[in-house]
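Reviewing the structure listed below.
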Amino acid sequence: MTAALVAAGITPDEFLAVADADETTDAITEGTGGTKKGLLARAMRNKVTTGDGSPVTDPARRAEGAARSKYAGAADAVTFRERVAEMIVKLQAGAKTAAAKGRASDALQDKDVSMALDELDKLAGAEVEFQGYVGRELNKEPDLDLMLEAARRIQRSGSGKKSPTIAAADVVAEGLRAHTFADNILKQLVYRKIKQEPKGGAGILTLFTIEQLLLTAKKPGDVNQAIDLGVKHFRNKVDHRITKRGHRKFAQQLDQRRMRGRLNP
């Protein structure tokens, strides 16, 4: 415990203060936070990350508290998120204006939109984690979809300026597309087949492997890997000629669900 306290930067006095805090005791006695050990661990973590010793600190308070804490870079991280949000608002304004005129792609010619994209590139820099954050935030806004798709097409063609922001948004969009595609295959084909397949055999084990591959798919290649596994196993299964088993039909249906990637022109 002493080593853990030192590693976390918590002094013995701070530990006792958190352990004896009314917030910790109240949450335990009121049954709102689980075991005393668990609540104490959360209280310690909150004390370190937010300066607040409450074991029930919500995520928003934790993020704000982190900026006030002694952790170097916490305030910069909050500023980064705020600036990203500001730039996205500018992009949305440009996309709305262009959509009203009938062409979402025209937003890319807007000076404010161009400046906002440049600023997002500067904010993300060369850090993959920051680029990923910007890409995810952009893909959360449906009203930016058409504009971003136009920007992605230009970037893939090589005719425009290379933008880490657009590239990251493209990767995120591809991941979301793969997730949706995989989810449909699971619901429409794999789960139905799992219900039909006898327990304990190689078929059910193969289906469970396919399920895991699809649940964790992040790109078209991941989806196609799961499809390849299923097609290979069920197309040539010993009893694939027994129509009622449905092995050949299942393999054919899987084979028709292959994904094509969009990241390369």
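A single entry from Ala217, Ala226 fulfils the requirement of being of a type outside the set (Lys, Arg), part of a helix (DSSP H, G or I) and either modelled with pLDDT of 90 or more or in contact with a helix residue (DSSP H, G or I) (Cβ under 9 Å, 6 or more places away or on another chain) (or both): Ala226.
As for region 113-134, it holds at least one residue that is of a type in the set (Asp, Glu), modelled with pLDDT of 85 or more and either open to solvent by 30 Å² or more (accessible area, probe 1.4 Å) or under 16 Å from the mean Cα position of the chain (by Cα) (or both). Of all residues in region 128-169, which are in a loop (DSSP other than H, G, I, E, B) and farther than 15 Å from Leu117 by Cβ? Residues satisfying the conditions are Lys140, Gly158, Ser159.
The combined condition, being in contact with a Gly (Cβ under 6 Å, 6 or more places away or on another chain), without any contact (Cβ under 8 Å) to a residue 60 or more places away in the chain and in a helix (DSSP H, G or I), is fulfilled by Val113.
Limited to region 154-178, what total is found for residues that are open to solvent by 50 Å² or more (accessible area, probe 1.4 Å), of a type in the set (S, T, N, Q) and at pLDDT 80 or above? Total satisfying the criteria: 0.
So which residues in region 196-214 are at pLDDT below 90 and either buried (at least 18 other Cβ atoms within 10 Å of the Cβ) or of a type in the set (D, E, K, R) (or both)? I'd like the intermediate steps shown before the answer.
First, the residues of region 196-214 that are at pLDDT below 90: 196-203.
Within region 196-214, Glu197, Lys199, Gly203 meet the criteria.
Let's see how each residue does on (1) under 16 Å from the mean Cα position of the chain (by Cα); (2) of a type in the set (A, V, I, L, M, F, W, C):
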| site | (1), (2) |
| --- | --- |
| Val172 | yes, yes |
| Val190 | no, yes |
| Lys195 | no, no |
| Gly203 | no, no |
| Thr209 | no, no |
| Gln212 | no, no |
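Scan region 135-153 residue by residue and report those that are exposed (fewer than 12 other Cβ atoms within 10 Å of the Cβ) and either among the hydroxyl-bearing types (Ser, Thr, Tyr) or within 13 Å of Val84 (Cβ to Cβ) (or both). Once the filter is applied, which keeps residues that are exposed (fewer than 12 other Cβ atoms within 10 Å of the Cβ) and either among the hydroxyl-bearing types (Ser, Thr, Tyr) or within 13 Å of Val84 (Cβ to Cβ) (or both), region 135-153 yields only Lys140.
Residues of region 187-203 being more than 17 Å from Val223 (Cα to Cα) and β-branched (Val, Ile, Thr), which ones? Selection gives Ile194 alone.
Counting the residues of region 68-80 that are modelled with pLDDT of 75 or more and exposed (fewer than 13 other Cβ atoms within 10 Å of the Cβ) gives 2.
The values are calculated or read from the model by the stated rules, or taken from the named source; none is laboratory data. Since this is a predicted model, take the numbers as computed values, not measurements. Note that each Cβ is placed from the backbone with ideal geometry, even for glycine, and that neighbours are counted across all protein chains shown. Note: areas computed on protein heavy atoms with side chains; ligands, DNA, RNA excluded. Shrake-Rupley method; radii C 1.70, N 1.55, O 1.52, S 1.80 Å.
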